[in-house]
Amino acid sequence: IASGNTLEALAALWLLTRNARTDALLSNLNSYFRLAWATALSACLSALTGCITAWAAGLLTQQNFASSLLQWWQGDVLGMIVLTPFILLWQHLPHSWLRKGRAIEAVACFGLALLAGQIVFLGWFQELFGIYARGFWMFIFIVWSAVRFSRHGASLVIVMVALQAILSPLLGVGFFAGDIAKTGLSNYWVYTLTLAMVGMALATLNYERSQSTRMIREREARLDAVIDNALDAVVQMDSTGHIRDWSKQAEQIFGWTRDAAIGRLMH
């Protein structure tokens, strides 16, 4: 079993690094999806090795081999999908959260997410919120954390919810109170996996777009600096011949200010 677990980790590492396209900080959506595929494939090694070992030792029968194999695979996949992004990302702390405005919002987001998780999964305030305590409420905090606090925020809420949700069937309270007896934690697995995939995919996509926007703005700023310092007039026109940009040197040569030139038809 230990050998299978080791092979699982080595296989995942090989799948992620064999073409050097996976970013360890999950800064783009493709890197996250590659992590998900590597997780699903490598978990097969551990599950298969472990179940064969248990069957050879007489701990499993042929009748429950397939169900045990599935459960083993599900457990490993969920563990890696939930914890791996958290471990990778939180090696670098999000210092931007410490700014005054951000700190207040961070406390509100994660504090309310923790409270909501206690209500939904651990039965807090059942007299007030019992009929409203449903798992879909946690997606509000996943979206909030993903959009406002990017990958660090989403991974933190995912781990928080996963821990709270697993306590629900173990303690027999809250949203998943009877999930062990009814489905063998299959509902918990589907719910947590969906929450994690949606949260991290949204956070990664949002981060990727924000980085692209930042790079475009930096390039535009450098281009504007070059144009403004050029010795010749620089005029940008659209396909119809109307002026879209007008450099400082163009103002001196032609006598029009930039505001007056923009939109004119250049003859």
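Residues that are open to solvent by 70 Å² or more (accessible area, probe 1.4 Å) and under 30 Å from Arg34 (Cβ atoms) do occur in the range 193-207.
Contact map, the range 1-14: first residue free of Cβ contacts under 8 Å to residues at least 24 places away in the same chain and farther than 25 Å from Leu59 by Cβ, second residue among the basic types (Lys, Arg) and assigned to a helix (DSSP H, G or I), Cβ cut-off under 9 Å, separation 6 or more or different chains; the map is empty. Among the residues of the range 6-61, those identified as surrounded by fewer than 18 Cβ atoms within 10 Å (Cβ to Cβ), not hydrophobic (A, V, I, L, M, F, W, C) and not in a helix (DSSP H, G or I) are Arg18, Asn19, Arg21, Asp23, Ser27, Gly58, Thr61.
Is one or more of the residues making up the range 108-117 in contact (Cβ under 8 Å) with a residue 60 or more places away in the chain and out of contact with any His (no Cβ under 7 Å at 6 or more places or on another chain)? Checking the range 108-117: not a single residue is in contact (Cβ under 8 Å) with a residue 60 or more places away in the chain and out of contact with any His (no Cβ under 7 Å at 6 or more places or on another chain).
The values are calculated or read from the model by the stated rules, or taken from the named source; none is laboratory data. Here the structure is a predicted model, which is why all the values come from computation and not from measurement. As a convention, Cβ positions derive from the backbone with ideal geometry for all residues, glycine included, and neighbour counts pool all protein chains shown. Areas reflect the complete protein model, heavy atoms only, side chains present, ligands, DNA and RNA absent. Shrake-Rupley method; radii C 1.70, N 1.55, O 1.52, S 1.80 Å.
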